Amino acid sequence: MVVVEPQIGYERLLDAMTEWGIRTCSGVTGGGLVHLLKYMDPHVPHRTRGDQIEFFTIGEYAAGFVPLGHYLATGAIAAAAATTGAASKLLLCGLSDAKLHNIPAVYLIAATPSSMAFQSPLQDTTESGSNMIGQLMAELPQGTFVLDDIETLDEQLSAARDQLNQSKPVALVLPPDALSEMTSWVPRIGMALNQPDAVDHAGLFALFRRYLSQRRKGRIVVMAGDEAARYPDMAYLTSRLCEVLRAPIVWSINGANAVSRDNPYAYGYLGFGGNDRATELWDSLNEHDMLITIGFCGDEYTVNFSPAKAGLVWNITANAHLYGSSHGSFRHRVVGEFQQTVGDVEEIIRETILWCQANPQICNEDVPLYSNLNVGTPARVSGHAVDIVAFYEKLDGLWQPDTFGFDDVCLAYKDRQYVTQRPHPYAKIYSLYRGSAMGGAYGVGLGAKIASPDKHVFVFSGDGCFRLYGGCLAEAQQLGITLFVLDNANYGIVEQGLSKILPHTPASRYHGGLERIDFGAMARACGWLSARVSPDLSNLSDIMQKAYRRDRPSMLVEVPVDSDQVVGPNPRLKNL
């Protein structure tokens, strides 16, 4: 007979999280969390990690984004925690971006016992206070779990696991009275992966053949969306698919990580900061064309509300219910016919490549190939600011293997892709753009470095973004990240846009100015190294050599830029 040791609810929760593969939790301790966090070891950089969950202490705003970077770097789920009250509001900015970018993550939210309603407790989260559970349920109706009954705890945790398996974040609300109770029945709440449905390739290619036989002068075009970047062999597979179809390919800002730099059929980034050739191709799609999307990406940042106008859109995905879908479909975002195949994405593409090789008559006729994916010439600057075009061009030649980069909500997430045009083979660079949470990239970068300490992590942030996490530098001094701060003493994207949106309004009414900060002094005061890029870029190579040293603390690099230098396009201005 097996004797099971009794556990309190907190212990059972931690066991489940460990079984889900969670090894990192970030946040700040407090009264609502102490009975959970007492079971976790503190995170210590450069120490060999075991199978236990470690707690990384960092301000809640940054902490909420740590699980996102952790997942993007390794595919492993992480957690973030907030004590009762206002702390949860700071933490949950990261949850919003996790939802919008289909990133599984666990958010642990301490709660006031429901019995305290109308008793005026400190940090009241009940319906008579902040009504926190109601707020969470409004954003995550299927992903919010109130762990208030020890008898149903395992059922709740099993349902949370299912949400994580669908690439969705979950919020676990922790009332201390229930989780302090004992439970003796402890089944395993494993993290069994979903098994994708078998794909009817014969039926799929029959549809393929039917449509292609009917089209007259149409083209086949490939789109790599954000989902495509999560598969390790995707850059090779998209190159082979384009080759056998002679098909041009466009991509979202994160989908770039699924495209090879030397793919000759590359047309560039779509949308915000996108390339001219990609925009021309997307706008020219018509009823004769077929668009193959690897993770359909129809958000405003990528396509600016422009539906896919191809006669047939075939979407390949591992999950039919990703953000932006409606009832498991993106039919509402296309003009023509929409077909979707859900399954093992890499397997589907491999089978498609083989079928296309056996049916060469379906290939495109010759399509134009471009070395320069832009038509216009971006503005240059002179004086004391860094020329952002020259900066990204030079930086593109300095990347080394095993690099992760994260763009914040500043000029970096608009200009880099326009200048560099193609992804770099050594650097996987991501932007969590759908929620546009300024300053979030800092926490994302910390999460990536904690998850993969052997990788080199770079964060590109703005002087406006910095204000949201600047008080959290000290806790990351030993992680060894590199933080570039683009300093133009204003909210640069706002300044660039308002001159077009409000052309007859005085600039003083833009309210975009910022006071100057000595970012290097702040960094050094927090135990970081610091550097400042010279306007002529003469020291950038030396800075990058130092950035790739492994035996250093974190480093902040100031980049003096000019917001009047307009580089990447901002199609959203037309909507505003």
With the alpha-carbon atoms as the only input, what is the per residue convex hull volume for region 7-183 in Å³? 100 Å³
Fewest-first ordering of Glu337, Glu347 by Cβ atoms within 10 Å yields Glu347, Glu337
In whole angstrom, the spacing between the Cα centers of region 499-576 and region 228-299 equals 30 Å
Place a +1 charge on the Cβ of each Lys and Arg in the chain and a -1 charge on the Cβ of each Asp and Glu, then give the dipole magnitude about the Cα centre in debye, rounded to the nearest 20. 1420 debye
Rounded to the nearest 0.05, FRET efficiency between Gln545 and Asn372 (Cβ-Cβ, R0 41 Å) equals 0.90
Mind giving me the FRET efficiency for Asp233 and Gln135? R0 is 41 Å, r the Cβ-Cβ distance, nearest 0.05 is fine. 0.50
Please give the contour-minus-distance gain from His321 to Arg261: 0.36 nm per residue of separation, less the Cα-Cα distance, rounded to one decimal in nm. 18.6 nm
For region 418-494 and region 306-324, write down the distance between their C-alpha centroids in whole Å. 30 Å
Over all pairs of different Cα atoms in the chain, the reciprocal of the mean inverse distance gives a Kirkwood radius in Å of 25.1 Å
Give me Glu558, Glu346, Glu19, Glu365 ranked fewest to most by other Cβ atoms within 10 Å of their Cβ, as a rough exposure proxy. Glu365, Glu19, Glu346, Glu558
What whole-number distance in Å separates the alpha-carbon centres of region 105-125 and region 387-411? 43 Å
Most exposed first by the Cβ proxy, i.e. fewest other Cβ within 10 Å, how do Lys217, Lys168 rank? Lys217, Lys168
Rough spin-label spacing in nm, given labels placed 7 Å along Cα→Cβ, for Ala507 and Arg47: 5.2 nm
Simple spin-label estimate for Glu181/Arg331, 7 Å along Cα→Cβ, in nm, reads 4.5 nm
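Only the coordinates and a few stated rules stand behind these numbers; no lab work does. Nothing here was measured: the structure is a model prediction, and the numbers come from that model. Please note: Cβ atoms are built from the backbone with ideal geometry, for glycine as well, and neighbour counts cover all protein chains shown.
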